[in-house]
1. Could you compute the FRET efficiency for Arg27 and Leu312, with r as their C-beta to C-beta distance and R0 at 25 Å, rounded to 0.05?
2. Say the dipole of the stretch 183-294 comes from +1 at the beta carbon of Lys and Arg and -1 at that of Asp and Glu; which of Met279, Pro193, Phe233 then lies farthest toward its positive end?
3. Would you mind pulling out the separation of the Cα centroids of the stretch 261-288 and the stretch 360-374, in Å?
4. Based on C-alpha coordinates, I'd like the Rg and Dmax of the stretch 167-219, in Å.
5. Suppose R0 equals 22 Å; then what is the FRET efficiency for Ala296 and Leu156 from their Cβ-Cβ distance, rounded to the nearest 0.05?
6. Pairs of alpha-carbon atoms within less than 8 angstrom and 6+ residues apart define the contacts here; what relative contact order does the chain have, in percent?
7. Any number yet on Rg/Rh for the stretch 323-363, C-alpha, Kirkwood?
8. For a protection proxy built on the mean count of beta-carbon atoms within 10 angstrom, sort 242-252, 393-403, 93-103 highest first, please.
Amino acid sequence: MSTLWGGGFAESPDALLWAFTVDTADRRLIFDDLHGSWAHVGMLGEQGIVTDEEAAQLQAGILEIVDEAEAGDFVFLDTDEDVHSATERRLIELVGDVGRKVHTGRSRNDQIALDLRLYLARSGSLQLQRLASLATVLVDQAERVGDVVVPSYTHLQQAQAVPLAHHLLAYAEMVRRDAERLQAAIYRTQVSPLGAGASGGSSLPLDPAISARLLGWSWHFTNSMDAVGSRDFVAEYVFVCAQSMVHLSRLSEEIVLWATSEFGWVSFPDSFTTGSSAMPQKKNPDVAELVRGRSAGVIGDLTAIMSLQKGLPLTYNRDLQEDKRIVFHADDVLAGSLQTLAAMLATAVFNPPAPNPEVTALDMAEILVGRGVAFRTAHEAVGRLLRNLGEDGRTLEEANAADLITAHELFEAGDIDRLDPVASVEHRVTPGGGSYREVVKQIKRLRSLLEDIRN
Ligand code: ARG
């Protein structure tokens with residue numbers, strides 16, 4: 001068997017060693033690998049390390065392999081140790097001996113670091129679009145539900161009245177932040193490691209700035225050992241995936257809860273629910289359950305990528321080959337979850353019941369605060385009012401003017417009108433708070449930020 005490194009080896013690799021060490025997960029990097037080789041060869045030509053004609057032949061061969069891969073005609077062989085070995089083998093097959101010059105001034109160590117950076121920058125920009133799309137669905141739904149009022153929850157107990165739109169927009173904010181985090185991660189990823197070589201650079205006149213320019217990137221490495229030995233850019237990407245999945249998981253948990261007959265907030269068309277093999281009445285929100293479930297695997301990916309780095313001496317170690325399965329898994333799960341959850345949410349029909357009357361209790365206390373009563377005193381007065389009503393078997397909504405004035409002398413008969421969740425929302429004035437005015441502002445702001453992320 002011929003390997004990239006067989007020159008000094010008296011024996012062929014053992015079959016078990018080969019099966020254990022060969023990487024096939026990296027095959028999806030083939031376009032990035034070819035892209036990187038194309039830039040590397042361009043730099044070799046500009047620097048006169050290969051002749052212009054050789055550079056042209058090599059680049060033509062590389063583009064031919066791109067065509068093959070695009071057509072699905074690229075054949076990986078069992079004897080290819082990894083994607084880098086496969087593309088170099090194929091290049092030599094296509095262009096002959098000049099192909100043996102492609103790896104001049106390069107190592108698979110800087111090559112794989114670049115491939116991954118190219119891949120994550122590319123895949124990350126698709127994820128940005130998906131994140132923006134999901135956030136847009138949430139904003140659209142917030143607009144569609146209009147002035148429907150629901151309870152906000154703390155401790156999963158009804159708290160204050162808020163527009164349902166405010167609740168949906170809270171998730172839009174989380175997803176928008178995920179997109180911003182991803183933009184920052186992509187920015188740090190677009191740094192070319194080409195020229196770092198095996199670990200210390202080269203005696204050949206390589207120019208990392210030219211390689212970076214040919215990749216369309218503004219930055220190149222400043223320490224070759226860091227360039228080939230570091231994977232924090234991968235970890236950052238996995239973190240963004242994990243945090244996004246955790247946000248989607250929380251949203252999914254709420255969807256599952258809201259779709260119960262007990263909550264009855266939301267329903268989905270048959271095309272976005274699944275049935276039970278046993279119980280004919282069941283329509284289950286499985287998409288949300290699977291998003292919630294799959295987030296566990298991505299949290300595992302984050303642990304894996306952190307653990308992978310922690311004991312490694314500089315610089316490259318073969319352990320790093322494992323980073324690809326981790327980040328690809330995280331990337332794939334996020335992509336599928338974003339797409340499917342967005343499609344499902346777009347079909348949601350919201351019709352929540354009115355909140356419990358007690359969601360106005362804090363408003364009643366604030367009425368007294370507005371009349372000069374200390375908040376703690378006001379809290380006690382409303383607490384007393386609730387207790388008295390409870391003993392009577394009445395709700396806060398059923399309180400009359402006399403009940404209010406018994407609870408505190410500064411209550412007035414007209415305050416009865418404030419015992420309404422809708423009135424509660426209408427009196428909310430905090431910037432960023434749960435009021436219709438703020439919802440309208442949030443929708444406008446989010447639409448414009450999401451537009452920026454899209455472009
Ligand atoms: N397949 C390897 C990886 O993914 C590529 C780098 C191999 N380098 C080496 N010196 N064996 O990390």
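1. Given R0 = 25 Å and the Cβ-Cβ separation, E is 0.55.
2. Final value for the positive-end residue is Pro193.
3. 43
4. 17.9, 60
5. Given R0 = 22 Å and the Cβ-Cβ separation, E is 0.55.
6. 17
7. My calculation puts Rg/Rh at 1.40.
8. 242-252, 93-103, 393-403
Bear in mind that the values in this text are calculations on the coordinates, not laboratory data. No experiment lies behind these values; they were computed from the predicted model shown. FYI the Cβ positions are ideal-geometry reconstructions off the backbone, even for glycines, and counts take in every protein chain you see.
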